[in-house]
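> I'd like to ask some things about the structure below.
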Amino acid sequence: MAMAQALPHDATMRTADGTPLKVALARAERREKLKAFALVSPLFAFIVLSFVFPILVMLYNAAHDPDVADNMPLTIAALAQWDGKDLPSEEVYAAFVTDMKAAQQNRQVALIGKRLNYEISGIRSKVIATGRKVGALDQPPFKEAVIAIDPIWGETETWATIERSSSAYTPFYMLSMLDMRQAVDGSVERQPQERRIYIDVLKRTLGISLLVTLMTLIFGYPVAYLLATSPQKTASILMIFVLLPFWTSLLVRTTAWMILMQDDGVFSQFMSITGITWLLNLFGQIDGSPRLFHTRFATVVAMMHIQLPFTLLPIYSVMKTISPNYMRAAKSLGGTPFYSFVRVYMPQTLPGVAAGCLLTFILSLGYFITPALVGGPSDQMISGFIFSATNNENNWGKASALGVILLIATIILYYVYNKLVGIDRMKLG
Amino acid sequence: MAVPSYYTRGETVAYYALRAFVGLVLLFLISPIIAIMPLSFNSETFFSYPMPGYSLRWYDDFFLNPRWSGALKVSFIVALATTALATFLGTLAALGLARVNFYGKSSVMAVLISPMIVPVIISAVGMFKFYALLGVAGTRLGIILAHTALATPFVVITVTATLSSFDKTLMRAGASCGAAPHTVFFKVVMPLILPGMISGALFAFVTSFDEVIVVLFLASPEDRTLPLQMFSGIREMISPTITAAATVLVLISTALLVTVELLRRRSERLRGVRA
């Protein structure tokens, strides 16, 4: 009774200063959330600005290319009336001459040529030559005069291509990275056989990553098991063999493999001394003779060497938590050691296997340095093609479109990883 | 390493087979790193054994040739700046994330960790175009910003891991003893999460120190880092100085590894965790 009298009339609990407890708690919680927000937001803003946003801009470039639209505005306006069947009318050619004169003055002709060349190979030099000669044309009719400069302007396909590029937004790059293209009538069709390469590159990237993941699992699982079941002292010594490569730079390890795998290098010597050159006859051949350097075999071996700790460590940390009692119980119930291991121990290690394999698969997809240095031309993965698109071909639209494909694959796997493993439980070393 | 007497013959075979197999795998892991070191003392310019003589000429080139020593210096400056920035931002964020549960926390975490997951070539291409717009492409600042973005996930992960076993009542205890919030942070929280912070900082350091792809896109000729110098050296023609550079880098990673391991053991001892 005395307790009830001490409470105020509305029977709510209050803090010392009289605020209802519920309100005070909510206020404290809000304050905590604000503090958390204030702590997280600097990094969040930094990552969004310096990392997420640049990537979004790049993705945009995969579908955005204003080179033709910006430099041929009159031609494109005139082409709007064109039926697409016969050659365009005199007005289109007149507009084309005006546009080309302006482009020649602003030094944009090469850009137009470069862009059109992606779709009509060989047109680049013709556009540049036309740009030089178009200044001499000042009297209509232009149609015959332009076709006289180069017969390519007398082909409907050329004009259809220009018309397709009339919008700054183009499906061209994305389609070509899927080995498809737009036909003259605008419908989507597959590239001719000899121009289908990128689906193969994608398949190769996935194939190499899968192979590397499987190999790291096959080689890493027993090591993780021995490390997890050995006495602490032995385990720490053995762990050095795993952690030292893990901490050594990827470039150093790739360089090491490269130097050791040279044709007259240490591994070739080692293989012929120990008589395991037959391995090469099985896996690594170039033009029928056994080779190590610049083969798929070398690429997979070097990548596996680099990724092995990434697969092994998550499996190891799960195995550390498995009590030996389960195996004892299984054996005492009459299971053979092999049967107990497969039916009792292995299922418990699956979370670690999933975490390690997914991480290795995701990281393998993005490999560029190792295939570039150790592999041959037919071992290059998507990242390598992105690099050569930017650095050798100066084709940023292509690089961006390949980037979109690689990014989509990565994000799907990252999502799966987050659902299965949880990023907050990711550990290093 | 004797087999327990109750083992069946099959188990005995499995026991030795496992050890032999693991031995070979560990040998495979360590051998390229070990095999390359003696080659750096070769007196000739080729890469196979037996070596005709020993010399320090490649180390001489590495430390005294301005192309290599300059690159080493740039790498150190960039990596140290990256480490400072990444450790600061990453630790703050990890503290915030550990504080409360809020809606969308796992998405925020996913964004913060993504630079580690997204293939570096994609980051590099995007950053090149965007940083050129901002005017920081081709500057040292640009490289530092890019490397900081790539390195912060490691700090967030390591500090979050230390915080997950952190007992929050310690903070309340500190506060109830009359300490101001910043005193609680520096006297109570910081000493306990310091090992995580240092491991994160070391990870950030190696991330920047080893990174080559972003640098390929963002560096000006004056800002050649050591990995870039190595990479371009390899592509043109392998100079044996690379073996000296690789050996020095392996020694640096060994030192970092030892530091991280010692820290991990110290923090386990402090928190009474046996791993």
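Please treat every number below as a calculation from the coordinates, not as lab data. Quick caveat: nothing in here was measured; it's all calculated off a predicted structure. Quick reminder, even Gly has a Cβ in these numbers, built from the backbone with ideal geometry, and neighbours come from all protein chains shown.
> How many nm is it between the label spots at A:Thr19 and B:Tyr6, if each spot is 7 Å from the Cα in line with the beta carbon?
Computed distance between label sites A:Thr19 and B:Tyr6 equals 6.4 nm.
> Find out how many positive minus negative residues lie around B:Pro227, taking Lys and Arg as positive, Asp and Glu as negative, among other residues whose Cβ is under 9 Å from that of B:Pro227.
Surrounding charge for B:Pro227 is -2.
> Which whole-number percent is the relative contact order of chain A (Cα, under 8 Å, 6+ apart)?
16 percent
> Measure out, as a whole number of angstrom, how far apart the alpha-carbon centroids of the stretch A:10-42 and the stretch B:220-261 sit.
53 Å
> Once both labels are modelled 7 Å past Cα along the beta-carbon direction, what's the A:Ala28-A:Leu350 spacing in nm?
4.3 nm
> Pop out the ³J(HN,Hα) list for the stretch B:49-64 in order, Karplus 6.51 cos²θ - 1.76 cosθ + 1.60 with θ = phi - 60°, rounded to Hz; leave Gly and Pro as x.
9, x, 7, x, x, 10, 7, 9, 4, 6, 6, 4, 4, 4, 8, 9
> Can you flag which of A:Lys101/A:Lys126; A:Lys320/B:Lys168; A:Lys35/B:Lys187 are past 22 Å Cα-Cα?
A:Lys320/B:Lys168
> Which is the longest run of chain B containing none of the trypsin sites (Lys or Arg not before Pro) found in DSSP loop states (not H, G, I, E, B) with at most 14 other C-beta atoms within 10 Å?
Maximal segment without exposed cleavage sites: B:1-167.
> Calculate log10 I(q)/I(0) of chain B for q = 0.12 Å⁻¹, where I(q) comes from the Debye formula with a single equal point scatterer on each Cα and nothing for solvent.
Once normalised to I(0) and log-transformed, intensities are -0.94.
> Where nothing but the Cβ of Lys and Arg (+1) and of Asp and Glu (-1) is charged, how large is the charge dipole of the protein assembly as shown around its Cα centre, in debye to the nearest 20?
Roughly 3280 debye, rounded to the nearest 20.
> Moving on to the next point. Where is the GNM fluctuation largest for chain A (alpha-carbon springs, 10 angstrom cutoff): A:Leu178, A:Leu210, A:Leu49?
Checking each option, the largest mean-square fluctuation is seen for A:Leu49.
> Now for a separate question. For B:Ile77 and A:Asp263, FRET efficiency with R0 = 45 Å and r from the beta-carbon atoms, rounded to 0.05?
In this case the efficiency is close to 0.70.
> Can you give the net charge of the other residues whose Cβ lies under 12 Å from the Cβ of A:Tyr345, counting K and R as +1 and D and E as -1?
+3
> Looking at chain A as a GNM with Cα springs under 10 Å, which of A:Asp200, A:Asp179, A:Asp86 has the largest mean-square fluctuation?
A:Asp86
> Still on this model: State the extension gain, in nm to one decimal, for the chain segment bounded by A:Ile147 and A:Ala168, taking 0.36 nm per residue of separation less the distance between their alpha-carbons.
4.9 nm
> Which distance in nm do the two modelled labels at B:Arg19 and A:Ala45 give, with both placed 7 Å along the Cα-to-Cβ direction?
A separation of 6.0 nm, rounded to one decimal place.
> For B:Thr247, A:Thr15, what ranking results if the residue with the fewest other Cβ atoms within 10 Å of its Cβ goes first?
A:Thr15, B:Thr247
> So, one more: To the nearest 0.05, what FRET efficiency results for B:Tyr54 and A:Asn325 with a Förster distance of 60 Å applied to their C-beta separation?
0.60
> Could you give each residue of the stretch B:29-42 its phi-based ³J(HN,Hα) in whole Hz, using Karplus coefficients 6.51, -1.76, 1.60 with θ = phi - 60°, and x for Gly or Pro?
5, 8, 4, x, 6, 6, 5, 7, 5, x, 4, 6, 9, 5
> May I ask which residue of B:Ala94, B:Leu72, A:Gly375 lies farthest towards the positive end of the charge dipole of the protein assembly as shown, with charges of +1 (Lys, Arg) and -1 (Asp, Glu) on Cβ and the Cα centre as origin?
In the protein assembly as shown, that residue is B:Ala94.
> So what's the back-of-envelope 222 nm ellipticity for chain B, counting only DSSP H runs of four-plus at -39500 (n - 2.57) apiece and dividing by all residues, rounded to 500?
So the helix-based figure for chain B works out to -25500 deg cm²/dmol.
> A follow-up question, please. Okay, helix-only estimate at 222 nm for chain A: each DSSP H run of n ≥ 4 adds -39500 (n - 2.57), divide by all residues, round to 500 deg cm²/dmol; what do you get?
-20500 deg cm²/dmol
> Show me the three semi-axes of the equivalent ellipsoid for chain A, from the C-alpha gyration tensor (sqrt of 5 times each eigenvalue), largest first, rounded to whole Å.
57, 40, 18
> Can I ask one more? Between B:Ser43 and B:Glu268, 0.36 nm times their residue separation minus their Cα-Cα distance comes to what?
76.3 nm
> Which order do A:His305, B:His147, B:His182, A:His294 fall in if you start with the one that has the fewest other Cβ atoms within 10 Å?
With the fewest neighbours first, A:His305, B:His147, B:His182, A:His294 line up as B:His182, A:His294, A:His305, B:His147.
> Could you list which residues have their amide H under 5 Å from that of A:Arg14, counting only those 5 or more apart in sequence or on another chain, with H placed in the peptide plane?
A:Leu21
> Please list, in chain and number order, the residues 5+ apart from A:His64 or on another chain whose amide H is under 5 Å from its amide H, with Hs placed from the backbone.
For A:His64, whose amide H was placed from the backbone, the distant partners under 5 Å are A:Thr170.
> What residue among B:Ala137, B:Ala179, B:Ala20 shows peak mean-square fluctuation when chain B is described by a Gaussian network model with Cα springs under 10 Å?
B:Ala20
> List the residues, sorted by chain then number, that are 5 or more residues from B:Asn42 or on another chain and whose placed amide H is less than 5 Å from its amide H.
B:Ser55
> How big is the gap, in Å, between the Cα center of the stretch A:335-385 and the Cα center of the stretch B:94-113?
That distance is 28 Å.
> Could you work out the relative contact order of the stretch B:66-271? I mean the mean sequence separation of Cα pairs under 8 Å and 6+ apart, divided by the number of residues, in percent.
Here the relative contact order equals 33 percent.
> Which FRET efficiency value, to the nearest 0.05, do you get for A:Gln191 and B:Glu222 by plugging their Cβ-Cβ distance into 1/(1 + (r/R0)^6) with R0 = 45 Å?
Rounded to the nearest 0.05, the efficiency is 0.55.
> When averaged across all projection directions, what area in nm² does the alpha-carbon convex hull of the stretch A:198-425 cover?
15.6 nm²
> Let me ask you something else. Work out from phi, with θ = phi - 60° and the Karplus expression 6.51 cos²θ - 1.76 cosθ + 1.60, the ³J(HN,Hα) of each residue of the stretch A:147-162, listed in order in whole Hz, and give x for Gly and Pro.
Going residue by residue, I get 5, 5, 5, 8, x, 5, 6, x, 10, 4, 4, 4, 6, 5, 5, 4 Hz, with x marking Gly and Pro.
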